[in-house]
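Novice: There's a structure below that I have some questions on.
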């Protein structure tokens, strides 16, 4: 079971490998965009990523160590999509804005995203899939 903090760590490492500088990396208990990464291209790109795990990281939680159910997964994907849409709604002229969602690559999350993949592509929202071996597979309508 991957905790959100592990997803954040793995995705940050992948982004650094791809030439991004990590500007913000939040802990599970902090509020805001989980990852903000910057890359100098022909224009500065800021990448905002919302991450979700596949189980609760709160030891006192009833869900600790147990996989999230279908309803919880749908809620997580909806919340992450909404945060991405909020970021895209802010008109930024100083740099290029890109957004993504980092999720565990498991059956529940794959199905939830598959149902809305066309609109995610239209909005320009990349998906950073993290598998149980902590490898990242990026599905993106834009080049990294």
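Novice: Among the residues of the range 28-62, which ones are over 21 Å from residue 131 (Cβ atoms), part of a loop (DSSP other than H, G, I, E, B) and either modelled with pLDDT under 90 or touching a strand residue (DSSP E or B) at 6+ places or on another chain (Cβ under 7 Å) (or both)?
Specialist: 29, 33, 41, 42, 43, 58, 59, 60, 61, 62
Novice: Which residues, counting only those in the range 57-68, are in contact with a helix residue (DSSP H, G or I) (Cβ under 9 Å, 6 or more places away or on another chain) and either under 19 Å from residue 120 (Cα atoms) or touching a residue at least 24 places away in the same chain (Cβ under 8 Å) (or both)? Reasoning before the result, please.
Specialist: Kept after step one, since they are in contact with a helix residue (DSSP H, G or I) (Cβ under 9 Å, 6 or more places away or on another chain), are these residues of the range 57-68: 57, 63, 67-68.
Those that are in contact with a helix residue (DSSP H, G or I) (Cβ under 9 Å, 6 or more places away or on another chain) and either under 19 Å from residue 120 (Cα atoms) or touching a residue at least 24 places away in the same chain (Cβ under 8 Å) (or both): 57, 67, 68.
Novice: Let me ask something additional. So, residue 102, is that one in contact (Cβ under 8 Å) with a residue 60 or more places away in the chain, surrounded by 18 or more Cβ atoms within 10 Å (Cβ to Cβ) and under 13 Å from the mean Cα position of the chain (by Cα) or not?
Specialist: Yes; evaluated as a whole, the condition is true for this residue.
Residue-wise test of (1) closer than 21 Å to residue 116 by Cα; (2) crowded, with 16+ Cβ neighbours inside 10 Å.
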{"site": "30", "(1), (2)": "no, no"}
{"site": "45", "(1), (2)": "no, yes"}
{"site": "56", "(1), (2)": "no, yes"}
{"site": "63", "(1), (2)": "no, no"}
{"site": "73", "(1), (2)": "yes, yes"}
{"site": "80", "(1), (2)": "yes, yes"}
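Novice: What number of residues within the range 105-144 satisfy the criterion of being in contact (Cβ under 8 Å) with a residue 60 or more places away in the chain, closer than 17 Å to residue 67 by Cα and buried (at least 21 other Cβ atoms within 10 Å of the Cβ)?
Specialist: Going through the range 105-144 one residue at a time, the tally reaches 1.
The values are calculated or read from the model by the stated rules, or taken from the named source; none is laboratory data. Predicted, not measured: the structure shown is a model, and the values here were computed from it. Neighbour counts are summed over all protein chains in view; Cβ atoms, including those assigned to glycine, are modelled from backbone coordinates with ideal geometry.
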